[in-house]
Amino acid sequence: MATESQIPLVVGAGPVGLTMANELARHGVRCRIIDQAKARSETSKALGIFPRTLEVFSAMEIADRFLAAGQQLEGISIHQRESVQTINFSAVASPFPFILSLPQSETERLLSEHLAAQGIEVERELSLNSLEQSAQCVRAHLHHADGREEVFETPWLFGCDGAHSGTRHALGLNFSGARYDESFILADLQLDPAPERGHLHLYFGAEGILGLIPFSDNWWRVVANIPPDSRSQELPEVTLSDLQTLVDTRGPAGMRLSDPIWISRFHISHRIVDEFRKLRVFLLGDAAHIHSPAGGQGMNTGIQDAFNLAWKVALVIKGRAPAHLLASYQLEREPVARHVLNLTDRITRLATLRHPLVQSLRDFLLPVVGGTAFVSGKVAEQLSELAISYRSSPVVENLGSGRLRAGDRAPDAELRDKNGQARRLFELFRRPRHVLLLFLGSRPEKLDQAPGLDAVLEGLPSELIDRYRIGRGEGLKRAELFDLSGNAHSTYDLVDGGVILVRPDGYVAFRDPEFDPARLSQYFGRNFVF
Ligand SMILES: Cc1cc2nc3c(=O)[nH]c(=O)nc-3n(C[C@H](O)[C@H](O)[C@H](O)COP(=O)(O)OP(=O)(O)OC[C@H]3O[C@@H](n4cnc5c(N)ncnc54)[C@H](O)[C@@H]3O)c2cc1C
């Protein structure tokens, strides 16, 4: 039986599908979300939530729940023989300068509960079997647990169905890449004596890498690579005693392992799909790209795919943006996924080097290079995913020069309102809409020299775009938000003033240091339907 519907369909209720459904709801679009599994996964899988993902959760107004459930790690300690280098996250420019350690099962629980609070339940034991699509709609063939078949018509389908994605298979897309020869072991257990719990610990040894990651009160995740065994294609079961031997050879002396709650051995691959979208069907998360777990980027990158796409879909569904906005999803996210894939591949290869001479070189260079605050800061920034930028996207526009450009993440800064209360830019960006910031700068008369700007601003629909005048110095008289220290102006590299339009996902859509009303108006004309 075919059901006529204008409701989008999210396939897969892992962290990415749940983020997509939550974000669509926050932007005022109800969806269906289905999952073939009977219940939520109970395994801890991805443990590390990085600063940019916490900013995403903050925009979704659920960061507090994550912070209450997880454990904050200051950074990563890299142990080599007697030396320890630290990649410290405390200096990253984010309200969340740390890694949050939280089992993926908990991340999924919090996202599911938030979705239920928005009135949407995951429909379980319901799987996507196949699909076909036309220019008008997608027909999704669904299979219910009781054997019932359903054909659901939907305007948009989001394949968040993981590494073995049936959506991707149905689209006939290539998932190019390769499998690593090495296999990996992962176990959740107790350690005694345990290392210091404020950091994730990595040990580089001749046999390979060992990671010890604290989570949930007294638990530890042990992760290690196992060199390829040419004799066997099978992955033998791993016992606690195998793990003990592994920790004895690679980790600190005298550490006893006990009470394993989960031991898993698996192969990993690095792959990326050749198209992130085909007509009315999109691929997100592991369905579109899988990487080595080194660097812990998989889940974080997928969640940000959803955060990038949901607001665009919502605007198009509401008829407030042209359909070409959706093409920017692939153009913006594919380079990010490729970058993450290369980064995690480099980390994996560095960690699993086998030649003794090359290992010696690595062991000599790591403390020298990694010991500098500059390199440590750069690595933390990369892993935080704060440096992601969409500068070459066709839906952003940059005018003039400046350090910060359209496409970059819009940074936070503290301001004051008329009552002297502290207001943060990130607070303004939390509403599910664009935010237009008029930095009045040190020469607010520049605004007067931009005749026509007021008319452009008056024409903006308030349900789509919030706007604020931010003053400093002479500009304070005309402002509604005060940048008393000048910090917001300098962070945005607009000491002399200018216009910034921030997208609902917190990236700069448009930047113009000259308040040119015609350019702003043209930008709105191209990217919105008013
Ligand atoms: C053992 C292990 C350890 C990992 N460790 C880390 C780590 O430390 N750090 C990290 O960042 N990442 C890690 N990952 C990867 C991380 O778990 C994934 O990147 C993340 O789960 C991707 O989320 P997703 O929502 O895209 O896909 P998934 O979490 O795979 O969710 C897909 C969902 O789709 C459902 N589904 C599939 N097919 C269908 C269908 N036809 N119809 C309906 N529903 C369907 C599935 O039941 C599932 O619930 C690990 C993965 C594994 C397996």
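Peptides 442-454, 380-392 ranked from most to least packed give 380-392, 442-454, packing being the mean of other C-beta atoms within 10 angstrom over each peptide's residues. Secondary-structure-derived ellipticity at 222 nm for the chain, considering helices only, amounts to -9000 deg cm²/dmol, per-run term -39500 (n - 2.57) for DSSP H runs with n ≥ 4.
For the pair the stretch 148-213 / the stretch 433-465, the C-alpha centres are spaced 45 Å from each other. Charge tally around V11: other residues with Cβ under 12 Å, Lys/Arg +1 each, Asp/Glu -1 each, net -1.
Packing around the peptides 488-498, 282-292, taken as the average count of other Cβ atoms within 10 Å per residue, puts them in this order, highest first: 282-292, 488-498.
Peptide packing: for 17-25, 188-196, the average count of neighbouring Cβ atoms within 10 Å per residue gives the ranking 17-25, 188-196, highest mean first. Dividing the mean sequence gap of close Cα pairs (under 8 Å, 6+ apart) by how many residues the stretch 198-283 holds gives a relative contact order of 21 percent. The C-alpha atoms of the chain define a longest principal axis, and helix 517-527 lies at about 50 degrees to it.
Measure nothing but the geometry: give the 0 to 90° angle between the long axis through the Cα atoms of 240-250 and the longest principal axis through the Cα atoms of the chain, rounded to 10°. Tilt relative to the chain: about 80 degrees.
Taking every alpha-carbon pair under 8 Å whose residues sit at least 6 apart, the stretch 397-527 reaches a relative contact order of 36 percent.
In the chain, Cα pairs under 8 Å separated by at least six residues give a relative contact order of 15 percent. The phi-based Karplus calculation (6.51 cos²θ - 1.76 cosθ + 1.60; θ = phi - 60°) puts the 3J(HN,Hα) values of the stretch 442-454 at 7, 10, x, 5, 4, 4, 5, 7, 10, x, x, 5, 4 Hz, whole numbers, x for Gly and Pro.
For the chain, what class follows from the C-alpha gyration tensor (a ≥ b ≥ c being the square roots of its eigenvalues): rounded when a/c is under 1.5, otherwise prolate if a/b is larger than b/c, else oblate?
Verdict is oblate for the chain.
For the stretch 104-175, the list of trypsin sites (Lys or Arg not before Pro) that fall in a loop by DSSP and count at most 10 other C-beta atoms within 10 angstrom reads R148.
For the stretch 42-127, GluC sites (Glu not before Pro) meeting the loop criterion (DSSP other than H, G, I, E, B) and having at most 13 other Cβ atoms within 10 Å: E42, E61, E82, E121.
Around the amide H of K45, modelled in the peptide plane, lie the amide H atoms of Q104, all under 5 Å away and 5 or more residues distant in sequence or on another chain. Once the Cα atoms are used to define both axes, helix 15-26 deviates from the longest principal axis of the chain by about 20 degrees.
Are any of the pairs K446/K477; K418/K477; K45/K312 more than 20 Å apart by Cα-Cα distance, and if so, which? Checking Cα-Cα distances, K45/K312 exceed 20 Å. For the stretch 397-527, the square roots a ≥ b ≥ c of the C-alpha gyration tensor eigenvalues yield an a/c under 1.5, which makes the shape rounded.
Computed from the coordinates by the stated procedures, all read-outs in this text should not be read as laboratory data. Computed from a predicted model, the values in this text were never measured in an experiment. With ideal geometry, Cβ positions are generated from the backbone for all residues, glycine too; neighbour counts draw on all protein chains shown.
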